[in-house]
Amino acid sequence: MANLCPRGAALKMDLTRSCFTANESIILFIYGQVYFILALSIILRPYSQSRLEMARTLPLLAAFALTQALVKWGTVFIPMQALYTSDRLLLTMRAAQLLLLGMSFTFLLAFGLKMMLPRSWHPQIVRRASLLLYLFWSSAVLAAWLLNLAPPNDIILTADVASRYLLALPGGLLAAIGLCRQAQGAIGSMKVTAINNFLRAAGIALAIYALLDGLIVPSAPFFPAKYLNQEAIRKLLGVPAELFLGLVGLVIAYSISKALQVFQIETTHWIEEMERAQALAADRERIGRELHDGTIQSIYASGLILEDVRQALDSEPERARAQLDRAIANLNRAIQDIRSYIFDLRHDEEVEDIGACIARLIKDFRINTLIEVDLCVEGKQQHMIGPDRAQDLCQIAREALSNVARHSRAQHVDVLLHYGERHLTLRIADDGVGFPTSSPDGSGRGLKNMRERAQLLEGALVVEGTPKEGVTVALTVPYKD
């Protein structure tokens, strides 16, 4: 009875081995299909205009994936031709497949080198280094073939194993390290957690691929291929090494296709930067126009009044005194306007704490306008808002307070900052004269800028005002991971 279990286990192993052997062509075809899909996902993704370092290396990864697919499909296709073609032609096809395999590993090595080397290095260095290794390998194969140093099948086998040790193993490991570095470098600085995780997953999968395809090679009569080879794995586990390589390839294809979404995110950031620049330019143009038409003209008029005062100071002291009071009043108004414009133009270089930013705005607002403001903060900031989004939030708050200072004639302002579970809410309400209507969509450039910024934040901005009851500006913004 004690011998039944080992026999049963051996029987199961034999059945498993027989099943995978019978379906090996299907496994190889699926293997090739996985890498072909990876190549297509890279080729069809628009990234040529990207400023990310990874963009310049992706064509090499696509070339590796495409040639890998062709090599594996050749492993299925070439044996089928044995019944219809001569041995010489069959041997030629195998030689071509071998050269394509070496080229595939060369693309992987170039991809890894390019990911690792600094961007300042000339790309020709990577190309030449990879090409020299490929030429060294292929020249050795050709010389052995022409000099008839060994039977063709032995040459092909030895060259296959050498290409894995020389090109696939270091190429896969360098590519793995390069992808992990990308997750910590420029792409990591974008603070897109999901993309970083997919890049790390692809890097780990490539490291496993390097070990599986670079160390577990076809069985050959020399060390270490004599002991660590695909046949040994098949005998030990009952499954071909290609099955594990196919699964690893599936992880690489899925992770890379997901990580390529970083280029779409980068494009979105470009658009947001352009829209933000347009909004800021419009702000500056509006304030510059108002300064020219209002404040500068007022200062110029005060200068003319003071010239008249100088002339009338001795002959008409009473008129000179009245003109002097008028000039002082004009200059005081101009100073107040300039303070308001400076408050509107002031930018924080990088805003992380939205609460601290709002508090600074309110402090400046009180000093410049002498209007009383109450700030209420509900909840705590538990989500990262990001400097760009926080700056847009501050700009909306700044514009709302600036409108209060210029137009509302308010005595009191209430500011509410509420941190919800999924949304942040900012509410600014004054007790001023309000709007003539409850829908002030066309009442000024400032409100238009606020709405544009709210759209950039994917938030909702509601502005409500009624005569003699003040204006309420309410902004609701979703968090982003």
Condition test on Ile30, is it under 17 Å from Leu243 (Cβ atoms), touching a residue at least 12 places away in the same chain (Cβ under 8 Å) and not small (Gly, Ala, Ser)?
yes
Only one of Asp374, Asp364 is among the acidic types (Asp, Glu), at pLDDT 75 or above and over 20 Å from Thr425 (Cα atoms), namely Asp364
If you go through region 330-339 one residue at a time, do you hit one that is β-branched (Val, Ile, Thr), assigned to a helix (DSSP H, G or I), in contact with a Ser or Thr (Cβ under 7 Å, 6 or more places away or on another chain) and at pLDDT below 80?
yes
Would you mind listing the helices (runs of 4 or more DSSP H) fully within region 143-234 where at least 1 residues are modelled with pLDDT of 90 or more and more than 21 Å from Gly102 (Cβ to Cβ)?
169-184, 193-214
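Name the residues in region 69-98 that are closer than 19 Å to Leu166 by Cβ, in contact (Cβ under 8 Å) with a residue 40 or more places away in the chain and touching a helix residue (DSSP H, G or I) at 6+ places or on another chain (Cβ under 6 Å), would you?
Within region 69-98, just Leu98 meets the criteria.
The values are calculated or read from the model by the stated rules, or taken from the named source; none is laboratory data. This structure is a prediction, so every number in the text was calculated from the model and none was measured. Note that each Cβ is placed from the backbone with ideal geometry, even for glycine, and that neighbours are counted across all protein chains shown.
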